Each structure stands twice: as structure tokens, then as C-alpha cells.
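Asker: Before anything else, here's the structure in question.
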Amino acid sequence: MKGWTTLQGRAVALAQSNVDTDQLIPARFMSAPRSEGYGKFLLHDARQDDPDHILNRFQTADVLVTRRNFGSGSSREAAVYALVDFGIRAVFAPSYGDIFASNAVNNGLLPARISEDEIEALIAKIDDEDVSAQIDLSSGKAVIAGIELSLELDPVWRQKLVNGWDDIDLTTQHRDEINAYRAARAKTHPWVVPTSKDGAAP
Amino acid sequence: MTVPRTLLEKLWSAHEILRREDGTSLLWVDRHLVHEGSHHAFAKLKERGLKVEAPELTFGVVDHYAPTRAGAVAPDIRRMIETLGENARKHGLKLFDLRDPGQGIVHVIGPEQGLTLPGLLINCGDSHTSTHGAFGALAFGVGATEVAHILATQTIWQQRPKAMRITIQGALGAGVTAKDLALHWISELGADGARGHAIEYAGPVVEALSMEGRLTLCNLSIEGGARLGLVAPDQVTVDYLKDRAFAPKGAAWDAAVADWEQLSSDADASFDREVTLDSAVIAPTVTWGTSPEDALPITAQVPDPAQMSGARRETVRAALDYMALTPGTPLNEVAVDQVFIGSCTNGRIEDLRLAAKVLAGRKAKVPGLVSPGSAQVKKQAEVEGLAQIFTSAGLEWADAGCSMCVGMNGDRVAAGKRCASSTNRNFRGRQGRGARTHLMSPAMVAAAAVTGHLTDVRPLLEGRT
Ligand code: SF4
């Protein structure tokens, strides 16, 4: 995955709370291989039911502004794939589902948290228009529809987004510590590893 | 003098391999549970030419796509199940495949098989992994990238959540269950009310709950925004686990129980947040909207968005529009088209017993599906005569799996249909495109089946023990 530091693009507003991952990508699409591209599944049913849906009016968008509890629900990373494959690199909302937010960062998608008041101001201003957005991860600043925002960015998340880092590479550098822990745990907690692969009959 | 610690802190430090300067911990994973949905993660592993680091700690199960009714299986569903089988064989993982006597929903079979134990760190690529916290285990759901990381390293990077304690005073009334308790607190605090926190459930109500009830409570933690739920292990926990297939035996069992006795929050440990609830005010509860926070006692009416302001008004209006409900309608007059009993929230034996108690000798006015949480639950329910009660009432008795909770296997609610459901998510389209879901306890689902509308189960339980 490629990292990014600055972004310049179009912001659209989805004036809805609790946009859960079942809405972001309905379950029936989740058996598709990623290589197919998940962008077409993004908010699939809402877009089909409403020809006027914001993502139908603007076929591309880079930044999504939305209300509280975005990405709540299932841990399906496919919800993030759908956003990313559609072209979205940043979401602005007052709160997120925790698992969604980690999944987002692992796929180069910024889950930016700003206050309810800021969100309402943005939604009022973006309204039916698409507007320009600039984000700078290094300074932690963003400008959307002329409104300046400062991002409370977790330093680890910033690093991962900027470098496009993969945790597996980071972790294997700690192989010795992991092996030492594993050996110690086997000694102090001998009951943790199941002795039989099939289990005894209950 | 040692600083008093919460259960969360004890579990966390026991699994911490190292902590980075930024506060992120690298944690050891004792159990990793995978299912058909883990195909993205196995694909990532393959891309990098990696193998599963600890196959002896990794267990697979077919649940999300498991067919629960007879008939042809769609090719994409069959492919999902076969892919999991191939990955399990390739990496030497124990798999609870279709027709395995241990098969079932991952969060039902973990405890049932004794794979879930107090003091473990348990991960699964599924948000309801919080369920396993009912045993005093550090259990949380992860996404596909994290699943791949765990497969490859048996570890996970994680920042410790804040500690929150929900203490429930009093005792639950007749016909009021752990499900009602959970829906109640989520409606009070909001669907993101516990975001960033691990919830420890405590107090007399929790102590009096069976393992099944505690599992339901911890299962729904994620619907209130918490990635983890916890209950300190006690005698109820130990009794449940004794002699389970994968639970330790002999001397290892004794050592385990001795370790588990240490697993509780110290008396004066401080929590980042404390919430106390009075169970006396909790009635059988149902949802009316499209988020689990949209819940009210069955004695209430459909809320009126006109009496709300700002974003909430818009949200409620949109939810009622989707649900086709009119403000002011008494909830117990809302007619349903069908019912569903099952899922990792309420598909355990105790749930089926309770539903059967309501249904015994009665007929369902609407069609419905009962899918037990596991093959073992199914077998036991048949032995106890519960299956007979469901079928005599006119409900369909199916095989174990996630079934109509998420509809991946094709068990769906048709567009525009209203379903009384013992599941965990009333999200738009969750049970099928355009489906209208009302969440409630399995007893309340049974009551809705009997009357054909949302119904207070309490009168229907009178005189039945
Ligand atoms: S029963 Fe429903 S919530 Fe539970 S694991 Fe299956 S799909 Fe997820």
C-alpha cells in the first residue's frame, strides 16, 4: 500500500448518523474477490434506491463528511475496501466504530475525528454542492469548503498513513521478544495450549 | 504496596510482549478463530508467502455461509466454504466443517468446546468476538489486515482501551433477560456510548446470570461501541467449563482454575468511567429503528421526531420511514410478518428453552425460522423436546449457523417484511435488502410469533415455570 501526506480533492457530505458497515457494503457482495474492485458496492442499496443519492450525483469523491458513529457494526474490512476503491481517502465524522477506524488506517484511509459542531457547519456549507478539500497529515491541518480544521491525529496512525506501513514488517523485527514471551507463557500457563487437536469427547 | 488494578489491566499486562513509546502494545494471541469471511486474510498471507505461525492456537469454523435448510447451495456460497476448508488443510488448522458435530456459530462453539477460557486473549475477524469476554477473557474483533497479521505472527498491535464498569443493581424481573438489559443500556448511552472502552459488567444481576446470559450481555457490547466486554470468572464460569472438549484436564485444569481465581478487578481499582443501572426499571425491550440504540420498553410508543431537534430528528424520521412506522403507535400494536430465533446473541440452549416455554401448546400466527447456535445445541434441543415444541407451533427448525442474522447463506427477510428477531443488528438491509428488523429477546420473539405483533411476553409466561 502506498502512503500519502497531502491530499487535494473533492468533498461530499452524507448527512446521516450511524452509517453502519452493512449499509457501506451489504453482506451479499462480500464473497467477491478484491481484485474485482469494491467501489461499485459502496452504499449499494442506498444508491440504487435513491437516484439523487450524493454518490450518484458525484461519481467521484475523495473526502466524505458525515455524522456520528460512522462505520459502526461488523468488522468487515470490505466496508473500507468499498470506500477506498471508490476513491475516498478520508472520512470526517464526530465518531467511528473502533474496528472500522483501525481497518481504515490499515488501508490508507484517514478516519478524521472532528467535533459535532464542526461537522454540522461543514454539512450546512457543503449542502448540495461538492466542494474542495485539502488535507496535510504532517501539519495535521485540513481545509474543507473554506473551513479550517485541525486534526487530532494519533501519531501511530499518522505514521502508518504517511508511510503506507504494514504491521507484519514491523512485527517480525521483534521476533526474539515474541519467541521469549511464547516460551515463558508455555511455562507459566501450561493449560493455555489445547493438548488435543480434536478435543476429548465431551 | 501494589497499585490496585482492573481486570482489564491484569489481562492486558499478562499478554503484553512489549510496548512502544507511543503506548501501543504488542500482544500475544492465545486463540485465533477464523471463518469463511477470513478469505481476504488468507489471500494476504499467500501473497507474501507466509504460513500460519501457531496452527495449534488457530481454529476454523463454517458459520456465516453455512446452509441451514435443505436444497441446492449457490455456487458462491459453496466456494466460500470450500476456500476455508482448503486454507485450513493447507495450514494444518482444526476445522469445524459442515456436518462436524462441533460445528456452529464461532461465538457459540468457542465456549461450548472449551476453547474459550478465562485469562486468554482471543481474536476473531468478527465484531461479536466481545462475546467471549463473558469468561474473563480479553476478546475483541479485528479486521482482515489484522487477521492476516495474527495468522502470520500470533500477535496483535493494540492500544489499551479505557476501562468502564457497568454495575447493574437489583434483580431482573420475570420475563426480563440479559438481552433486555443490553438493549436498555445501549438506548441510554447510545450506539457509540462506550466507544474506546472495555466494559466490565458487574453487580448482583451479572453475578446471578448464567453463562448464557453473560455471553448475551458481552456479545452486545459492540452494539454500544465497546470492542470488549468482560465479566470476572467465578464458580458459574468454572462449572460451565469443566469437562468441555478442549478445556484443560487433570493437573492442568487445577492449575488453570487457580490462575482464574486471580482474575477480578481489585476492590479499589479505579475505572475511567462508571455507570450504574437499576434493573427495576428494565422491562422487556424492543427496537423500533435502524440502530440498536433505538430501543424502548414494549409498553412504550413509537417515538415522534417532531419532538426532537437537529440531527436526531432527521435520523429518527429516516429510521421510521425505513421501518414504515407511525409516531405514537403503541409498540405492542406493531404487526410482524415473520420471526427469527438464533444467532450468536441468542441461539444458545437457554435461549431456546425460554422461547419454547412461551410457545409450548401454542400456535404461531406468523411463519418463522429457528436456527440453533450450534450442532450441539440442536442435538440437545431435540433431546429435550424443544424442537418438537417449535415445529408443533408451526415454526421451521433448521440447522446451525449465522442464518438470518446476516443472510449470507441465503436465509433472508424479503424487502418490506417485518421480522421479530433475536439477533443483534437492526441495520438497514442487514437481514435482507429492505428488511425491517425488530430486535428483542428470544422470549419476546416467541410472544410475537404467538400473537402476530410485538407483544409483552410477561403475561404469556404467567403460570409457566
Ligand atoms: S450470528 Fe450474526 S452477529 Fe453472530 S457471528 Fe454470525 S453473522 Fe455475526
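Each reported figure results from applying straightforward, stated rules to the coordinates on display, with no laboratory input. This one's a predicted model, so the numbers in the text were calculated from it and none came from an experiment. Backbone-built Cβ (ideal geometry, glycine too); neighbour counts: all protein chains shown.
Asker: Sorting B:322, A:81 on the 10 Å Cβ count, fewest up front, what's the list?
Answerer: Values: B:322 17, A:81 25.
In increasing order of surrounding Cβ atoms, one gets B:322, A:81.
Asker: Now, a different point. Using the number of other C-beta atoms within 10 angstrom as an exposure proxy, rank A:86, A:41, B:390, A:100 with the fewest first.
Answerer: Details: A:86 20, A:41 23, B:390 26, A:100 30.
Least crowded to most crowded, the residues run A:86, A:41, B:390, A:100.
Asker: Separate question: What length, rounded to one decimal in nm, is gained on full extension from residue B:2 through to residue B:360, with 0.36 nm per residue of separation minus their alpha-carbon distance? Write out the running numbers ahead of the final one.
Answerer: Details: separation 358, 0.36 × 358 = 128.88 nm, distance 5.52 nm.
The residue B:2-residue B:360 span can extend by a further 123.4 nm.
Asker: Fewest first, what order do A:99, B:222 take by the number of other Cβ atoms within 10 Å?
Answerer: Details: A:99 28, B:222 31.
Ranking A:99, B:222 by Cβ neighbours within 10 Å, fewest first, gives A:99, B:222.
Asker: Please turn the phi angles of the range A:65-81 into ³J(HN,Hα) values with the Karplus equation 6.51 cos²θ - 1.76 cosθ + 1.60 (θ = phi - 60°), one per residue in order, whole Hz, x for glycine and proline.
Answerer: Coupling constants for the range A:65-81: 9, 8, 8, 4, 6, 6, x, 6, x, 4, 7, 3, 5, 4, 5, 6, 4 Hz.
Asker: Would you please classify the overall shape of the protein assembly as shown from the alpha carbon gyration tensor, given that a ≥ b ≥ c denote the square roots of the eigenvalues, rounded means a/c under 1.5, and beyond that prolate means a/b larger than b/c while oblate covers the rest?
Answerer: On the way: a/c = 1.41, a/b = 1.06, b/c = 1.33.
The shape class here is rounded.
Asker: I'd like to compare B:287-294, B:106-113: which one has the highest average count of other Cβ atoms within 10 Å, and what's the full order after that?
Answerer: Values: B:287-294: 24.9, B:106-113: 27.8.
So the order, starting with the most tightly packed, is B:106-113, B:287-294.
Asker: Looking at chain A as a GNM with Cα springs under 10 Å, which of A:172, A:66, A:21 has the largest mean-square fluctuation?
Answerer: A:172
Asker: Another one. Going by a ≥ b ≥ c, the root eigenvalues of the Cα gyration tensor, does the range A:1-140 fall in the rounded group (a/c under 1.5), the prolate group (a/b larger than b/c) or the oblate group? Can you show the working numbers first?
Answerer: On the way: a/c = 1.40, a/b = 1.18, b/c = 1.18.
Rounded, since a/c falls under 1.5.
Asker: Further, regarding this structure: Sorted from largest down, what three extents in whole angstroms do the Cα atoms of the range A:58-136 have along their principal axes?
Answerer: That gives 32, 25, 23 Å along the principal axes, largest extent first.
Asker: Taking every pair of distinct Cα atoms and averaging 1/r, then inverting, what Kirkwood hydrodynamic radius in Å comes out for the range B:7-274?
Answerer: On the way: mean 1/r = 0.0522 Å⁻¹.
Value: 19.1 Å, from the Cα pair sum.
Asker: While we're looking at this one, here's another question. So what is the 222 nm mean residue ellipticity for chain B from helices alone, if each DSSP H run of at least 4 adds -39500 (n - 2.57) and you divide by all residues, rounding to the nearest 500 deg cm²/dmol?
Answerer: Values: 17 runs with 156 residues, N = 465.
Using -39500 (n - 2.57) per qualifying helix, the result is -9500 deg cm²/dmol.
Asker: Can you work out ³J(HN,Hα) from phi for every residue in the range B:399-411, in order, using Karplus 6.51 cos²θ - 1.76 cosθ + 1.60 and θ = phi - 60°, giving whole Hz and x for Gly and Pro?
Answerer: Computed from phi, the couplings for the range B:399-411 are 7, 7, x, 6, 6, 6, 5, 9, x, 5, 8, x, 7 Hz.
Asker: So who's got an amide H within less than 5 Å of the one on residue B:17, skipping anything under 5 residues away but keeping other chains? H placed 1.01 Å off N, in plane.
Answerer: For residue B:17, whose amide H was placed from the backbone, the distant partners under 5 Å are B:26, B:27, B:28.
Asker: Tabulate in residue order the Karplus-calculated ³J(HN,Hα) for the range B:380-396, using 6.51 cos²θ - 1.76 cosθ + 1.60 with θ = phi - 60°, rounded to whole Hz; enter x for Gly and Pro.
Answerer: Each residue's phi maps through the Karplus curve to give 5, 5, 6, 5, 7, x, 6, 4, 4, 5, 5, 5, 5, 6, x, 8, 8 Hz.
Asker: While we're here: Kindly provide the Kirkwood hydrodynamic radius of chain B in Å, to one decimal, from all pairs of distinct alpha carbon atoms.
Answerer: On the way: mean 1/r = 0.0446 Å⁻¹.
With all distinct Cα pairs of chain B included, I get 22.4 Å.
Asker: If amide hydrogens are placed 1.01 Å from N in the peptide plane, which non-local residues have theirs closer than 5 Å to the one on residue B:412?
Answerer: none
Asker: Still on this model: For residue A:16, list long-range residues whose amide hydrogen, built 1.01 Å from N in the peptide plane, is under 5 Å from its own amide hydrogen.
Answerer: Sorted by chain and number, the residues that satisfy this are A:67.
Asker: Here is a follow-up. Give the average, rounded to an integer, of partner chain Cβ atoms located within 10 angstrom of each Cβ in A:12-18. Don't skip to the end; give the middle numbers.
Answerer: On the way: counts 0, 0, 0, 4, 4, 12, 14.
Mean number of neighbouring Cβ atoms from other chains: 5.
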